[in-house]
Structures are given as structure tokens and as C-alpha cells.
Amino acid sequence: GPFLVAMGKSWHKDEFICTHCHSSLADVGFVEDHGSVYCVCCYEQFLAPTCFKCQQKILG
């Protein structure tokens, strides 16, 4: 069946999901952080670092 390769590993398409919201990452961008994968939306909302000066999230 169909599969994908990401982070040097093979995944079933329906098992490559965001750690936070569990949405599929098979056809969208993702961010890896400390061994976990996140959709871009969850990463930006919950994990992206904050700029010391302006206090805004630092995004890609």
C-alpha cells in the first residue's frame, strides 16, 4: 500500500500525524521538534519560540 518517507523513516500515510491535533501530515508541511512531528498550525500556536524584544512568535 501507499507509504511515505519522512525523517529517515517509512510511515503508513494514515499514521504520520500531528502529535498535538492528530491531523494527517501526509500531504502537508510539518515541523519536527525533539523527535515529535507537528502540523505547521500547531507548531506556530504552541511551540514556536517567542522573540525577546517584540514578544511575537518567530515563524518560518
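The values are calculated or read from the model by the stated rules, or taken from the named source; none is laboratory data. Being a predicted model, the structure only gives us computed values, none of them experimental. FYI the Cβ positions are ideal-geometry reconstructions off the backbone, even for glycines, and counts take in every protein chain you see.
Just a yes or no: is a residue in the range 32-50 without any contact (Cβ under 8 Å) to a residue 12 or more places away in the chain, out of contact with any Phe, Trp or Tyr (no Cβ under 7 Å at 6 or more places or on another chain) and β-branched (Val, Ile, Thr)?
Checking the range 32-50: at least one residue is without any contact (Cβ under 8 Å) to a residue 12 or more places away in the chain, out of contact with any Phe, Trp or Tyr (no Cβ under 7 Å at 6 or more places or on another chain) and β-branched (Val, Ile, Thr).
What are the pairs with Cβ atoms under 7 angstrom where one residue, in the range 9-20, is hydroxyl-bearing (Ser, Thr, Tyr) and the other, located anywhere, is surrounded by 11 or more Cβ atoms within 10 Å (Cβ to Cβ)? Sequence gap at least six, or different chains.
From residues that are hydroxyl-bearing (Ser, Thr, Tyr), the pairs are SER10/PHE3; THR19/SER36; THR19/VAL37; THR19/TYR38.
Does LYS53 fit the bill of being among the basic types (Lys, Arg) and modelled with pLDDT of 95 or more?
yes
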